[in-house]
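Here's the structure we're looking at; comments come further down.
Please treat every number below as a calculation from the coordinates, not as lab data. These figures come from a predicted structure and were not determined experimentally. With ideal geometry, Cβ positions are generated from the backbone for all residues, glycine too; neighbour counts draw on all protein chains shown.
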Amino acid sequence: MEQFEHNGKKELKKIKKKIRRLGWFPSYQSFSELGIKGRRNDGLRYKYLDFSLCKDKVVADYGCNLGQTSVKAAQAGAKNVIGMDSQEDTISTAIQIRKLLKINTVDYQIIDFNDYDFDIKIRELFKVETPDISFFLSVYRTKELKDRDGLFKFIIEYTKEIIFFEGHSTRSIDTIEYYTELFSKHQLNADFLGYCQKDTRPLFLIKLSK
């Protein structure tokens, strides 16, 4: 995959050092645009995600981490992208990366999905236009998330067209059947796109009819 042009080897070195010291998953995520290789390879995820659907769309990235998906949505021509994560050091690093890559269609915000008013805070971010497409990748079963169904329900109600949903990696739980039942509970139809990590982390495309 072609890398974005980026300036400043010094800045990149600072970013890599900061990633190693993150409080949440240090050195875990890869970032191909910067040549950063983490413990997890996201290559399969980005093989299956069709970012061309983001062109001219408003995009929400829930649990954006360092902004890998947000950057790719921007690269595909998204009108506006907002990435959200609860970790301040992660978001500050994502902002540094965005500046290094000279991307002006992505914004990052600290949002704690466990806050009682998380929905109000998110609506404030999208007060001009609500998201056409939402990315909800490996977040649903995060153990720190207190009300995963409440968050998922909000994303369903607040997204206009498409949700990309990725499950987690516990083979005894994160099966296609488990997520099919979850989607059925919310009256959703989802297309299985493939596994993002060997035979785990199932990825789905959910088309919303509104």
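Of the residues examined, Thr159 is one that is farther than 30 Å from Lys37 by Cα, touching a residue at least 12 places away in the same chain (Cβ under 8 Å), crowded, with 21+ Cβ neighbours inside 10 Å and not acidic (Asp, Glu). Residues in the stretch 140-154 that are buried (at least 22 other Cβ atoms within 10 Å of the Cβ) and β-branched (Val, Ile, Thr): there are none.
I want to confirm something. Restricting to the stretch 162-174 and keeping residues that are in a loop (DSSP other than H, G, I, E, B) and of a type outside the set (Lys, Arg), which single residue is surrounded by the fewest Cβ atoms within 10 Å (Cβ to Cβ)? Outline the logic, then answer.
Kept after step one, since they are in a loop (DSSP other than H, G, I, E, B), are these residues of the stretch 162-174: 167-174.
Checking which are of a type outside the set (Lys, Arg) leaves us with 167-170, 172-174.
Details: Gly167: 24, His168: 19, Ser169: 18, Thr170: 12, Ser172: 6, Ile173: 12, Asp174: 20.
Checked the stretch 162-174; the qualifying residue surrounded by the fewest Cβ atoms within 10 Å (Cβ to Cβ) is Ser172.
Scanning the stretch 154-189 for residues that are over 21 Å from Phe113 (Cβ atoms) and of a type in the set (A, V, I, L, M, F, W, C) yields one hit, Ile176. Scanning the stretch 67-116 for residues that are of a type in the set (Phe, Trp, Tyr) and surrounded by fewer than 18 Cβ atoms within 10 Å (Cβ to Cβ) turns up just one, Tyr116. Looking across the stretch 175-198 at every residue that is of a type in the set (S, T, N, Q) and farther than 11 Å from Ile156 by Cβ, the one that is surrounded by the most Cβ atoms within 10 Å (Cβ to Cβ) is identified as Gln197.
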